[in-house]
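The values are calculated or read from the model by the stated rules, or taken from the named source; none is laboratory data. Owing to the predicted nature of the structure, the values given are computational and were not obtained by experimental measurement. Neighbour counts are summed over all protein chains in view; Cβ atoms, including those assigned to glycine, are modelled from backbone coordinates with ideal geometry. Side chains included, ligands, DNA and RNA excluded: accessible areas come from the protein's heavy atoms. Shrake-Rupley method; radii C 1.70, N 1.55, O 1.52, S 1.80 Å.
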Amino acid sequence: MLYNNFINDKDLELDQSQTNSGSTPYDDVFRTLVVEHKGLLLKLLNEMFADTHYVGDEEVNSLNNTYFANRSDGNQDKMITDSAVEIIDHNGYRKLFHLECQSDSKGTMVLRMFEYDVQIAIKDDSTVDGASLIVNLPASGVLYLRSNSNTSDYMDITVNVPSGESAKYQVPIMKLKDYSCNDIIDKELYFLIPFYLFNFEDDFDKIESQDETFLKNFRKRYREIYDKLREKLESGQIDVLTHHSIIMLSKKVIAALTAQRKIVKEEAERIMGGQVLDYETKELIRTGIEQGIEQGIEQGMSKQSADDIQKLKAFFLKTNPGMTDQEALEEAEKVLNN
């Protein structure tokens, strides 16, 4: 398979019948966290890469994450990286990162990582001087939502050049199962919380059978992380919008992961149902006003107009790109009618 450069505006006009895209709800949640919650991303990078020590307020810029892959039949695959970002630290040092979120075990993952790395490097960190080309590969890592005892800690990539020399690098694999509730909270890895339900997947059959022992255990363990997250909110250690986004993105993962699991879905959603607080509702409205929802949403109004709901819906879509129009509308109605 031969790969073209990243897409430009003209590429976007290609016949959609000749392109394929493989985005999943989990990819969408992952990208939303990267784009909208850069502080959470920086904590994740610190954990994933041993030589990374960001304090949390560095400049983070998203890169173009899309390019096309030519197939032998003349069609093209639309390839979308989960995240390609540029971090600029307080000393002005620039570093590129490429992150992927993997929900299933695929033997070609290491090949995909290298393909993406090369494309990102050519597009965003290469220098051409006459007949000389310098290409700087990004630091790459993968978050595995599912893993087992055979899952490696790294992917190893070796590039052999015609002179006989070799260049080697490793891609760290971060496994969700390695992180307990306390690990996530203590290390402030709130980025992982929306995916936390994956850690209970092995018990889904027993929960579906309504085995009371497993039901009680699931309720206790799954509620624990959200109770601790709520404590962080109430103590001011995370802001309202971050808390609200984590809850909403968790609900998207629940919907996707439990599509064929009625009991698990009901139990998980019941635990999530009480997570939006009264003062959080008021703070969301206030934040929405400050971030430019024009005029018209005022605290204390006994009846909200349709225009007010549309303005708050627009706010949720802006601050939670993973939301659908319907989800944003339902959330706006819930907040304003609380």
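Go through K187, K313 and list them by solvent-accessible area, largest first, probe radius 1.4 Å. Spell out each step's value before the answer.
Working: K187 95, K313 35 Å².
Descending order: K187, K313.
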Prolate/oblate/rounded label for the stretch 188-268 (Cα gyration tensor, a/c 1.5): prolate
Heavy atoms of D239 accessible to a 1.4 Å probe, total area in Å² rounded to 10: 90 Å²
Intensity falloff of the stretch 141-181 expressed as log10 I(q)/I(0), Debye formula with alpha-carbon point scatterers, at q = 0.19, 0.31, 0.34 Å⁻¹: -0.62, -1.04, -1.14
Set K95/K187; K228/K262; K251/K313; K43/K334; K123/K252; K43/K232 screened for pairs whose C-alpha atoms are more than 21 Å apart: K95/K187; K228/K262; K43/K334; K123/K252
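Please give the peptides 207-214, 224-231 ranked by average Cβ packing (other Cβ atoms within 10 Å per residue), highest first, as a rough proxy for protection.
Packing proxy ranking, top to bottom: 224-231, 207-214.
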Relative packing of 242-252, 112-122, 172-182, 48-58, which averages over residues the other C-beta atoms within 10 Å, highest first: 242-252, 112-122, 172-182, 48-58
Alpha-carbon Rg with Dmax, taken over the stretch 113-206, Å: 18.6, 64
